[in-house]
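The block underneath contains the structure these notes are about, expressed in structure tokens.
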Amino acid sequence: QVQLVESGGGLVQPGGSLRLSCAASGFTFSSYPMNWYRQAPGSERERVASISVSGRTTTYGDSVKGRFTISRDNAKSTVYLQMNRLDIEDTAAYFCNAERLGGGSSIGYWGQGTQVTVSS
């Protein structure tokens, strides 16, 4: 079965750091661009970072640019999100996503989400 298992979330003080991991299985990880999304209560889902299949190209939302870094290890079928200088506005559920086009349709998988709470 397809699985995206996230870990690394938790409670952190403003200015702190967390490293999220998403371990993939059940599909060809190296064929999928990977994304991190987040959603806070009462807010729309927001894509915060994307990374190409090779890992050579990354994209970030304006709110996290310069603070977050997405990376991937295709040998380990794992994508990471390093979050530095966290702010209370970063509090959200963070979701790992794999998505690509196939057979004329979008093929996508989602992790269960991991909660990040930034609080003093």
**Message:** Suppose every Lys and Arg Cβ carries +1 and every Asp and Glu Cβ carries -1, with no other charges. What dipole size does the chain come out with about its Cα centre, to the nearest 20 debye?
**Reply:** 320
**Request:** Give the dimensionless ratio obtained when the Cα radius of gyration of the stretch 19-87 is divided by 2.2 N^0.38 Å.
**Result:** 1.12
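Can you work out the accessible area per residue across the chain, with the rest of the protein chains kept in place, probe 1.4 Å, in square angstrom?
53
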**Request:** Could you grab the relative contact order for the chain? Cα pairs under 8 Å, six or more apart, rounded to a whole percent.
**Result:** 35
**³J(HN,Hα), Karplus 6.51/-1.76/1.60, whole Hz, each residue of the stretch 42-56, x for Gly, Pro** = x, 10, 6, 4, 10, 7, 9, 7, 9, 9, 6, 4, 7, x, 7
**Asked** Carbon and sulfur: what percent of the stretch 6-71's accessible surface (1.4 Å probe)?
**Response** 45
**Complete:** Computed over all unlike Cα pairs, the Kirkwood hydrodynamic radius of the chain in Å stands at 14.4
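The values are calculated or read from the model by the stated rules, or taken from the named source; none is laboratory data. The model shown is predicted, which means the values in this text are computed figures rather than measured ones. Virtual Cβ from ideal backbone geometry, glycine too; neighbours counted across all protein chains shown. These area figures cover heavy atoms from the full protein model, side chains too; ligands, DNA and RNA do not enter into them. Shrake-Rupley method; radii C 1.70, N 1.55, O 1.52, S 1.80 Å.
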